[in-house]
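The values are calculated or read from the model by the stated rules, or taken from the named source; none is laboratory data. The shown structure was predicted, so the numbers you read here are calculated from the model rather than taken from an experiment. As a convention, Cβ positions derive from the backbone with ideal geometry for all residues, glycine included, and neighbour counts pool all protein chains shown. Note: accessible area is taken over every heavy atom of the protein model, side chains too, but ligands, DNA and RNA are not part of it. Shrake-Rupley method; radii C 1.70, N 1.55, O 1.52, S 1.80 Å.
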Amino acid sequence: LSAIVPFGKHRLFASFTDFNDKSDFNRDAKLYGIGYTYQAEETTKYYIAAGRMSNSANASFSLPDGGSLAGDVLKPGRSVTGLMFGVTLGF
């Protein structure tokens, strides 16, 4: 589930994902994310985003990186929180 709320040069993002592992491993997890972008110029965008991966007792997922899960956490059941920010420039 995700949503984008545009207002002028601003965009607000929110997302929620529920990993429901129906295998014998039962590695369930929930992913929460929020973000904001500001279109400063036609080719310049500033962004900030935060996310949290809440693992069940058997899961060891990390935060997504470009749409895929980026590695695993070392101990199952641990949750991971991350923050990213930056500037996107076009040519």
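Considering every residue within segment 66-80, establish whether at least one is at pLDDT 95 or above and aliphatic (A, V, I, L, M).
No, because not a single residue in segment 66-80 is at pLDDT 95 or above and aliphatic (A, V, I, L, M).
Would you be able to tell me the number of residues in segment 30-49 that are more than 15 Å from L1 (Cβ to Cβ) and either touching a residue at least 12 places away in the same chain (Cβ under 8 Å) or under 11 Å from the mean Cα position of the chain (by Cα) (or both)?
Here the count works out to 13.
Would you mind stating whether F85 is surrounded by 13 or more Cβ atoms within 10 Å (Cβ to Cβ), within 13 Å of the chain's Cα centre (by Cα) and among the aromatic types (F, W, Y)?
no
State yes or no: is A59 in contact with a strand residue (DSSP E or B) (Cβ under 6 Å, 6 or more places away or on another chain), in contact (Cβ under 8 Å) with a residue 24 or more places away in the chain and part of a loop (DSSP other than H, G, I, E, B)? Reasoning before the result, please.
Details: in contact with a strand residue (DSSP E or B) (Cβ under 6 Å, 6 or more places away or on another chain): yes; in contact (Cβ under 8 Å) with a residue 24 or more places away in the chain: yes; part of a loop (DSSP other than H, G, I, E, B): yes.
Yes.
What residue, among those in segment 1-56 that are assigned to a loop (DSSP other than H, G, I, E, B) and of a type in the set (G, A, S), is nearest to L89 (Cα to Cα)?
Checked segment 1-56; the qualifying residue nearest to L89 (Cα to Cα) is G8.
Any chance you could count how many residues in segment 19-29 are more than 18 Å from the chain's Cα centre (by Cα) and open to solvent by 60 Å² or more (accessible area, probe 1.4 Å)? So that I can check it myself, show each step before the final result.
Taking segment 19-29 first, the residues more than 18 Å from the chain's Cα centre (by Cα) are 21-27.
Applying the additional criterion that residues be open to solvent by 60 Å² or more (accessible area, probe 1.4 Å) yields 22, 24-27.
Within segment 19-29, residues that are more than 18 Å from the chain's Cα centre (by Cα) and open to solvent by 60 Å² or more (accessible area, probe 1.4 Å) number 5.
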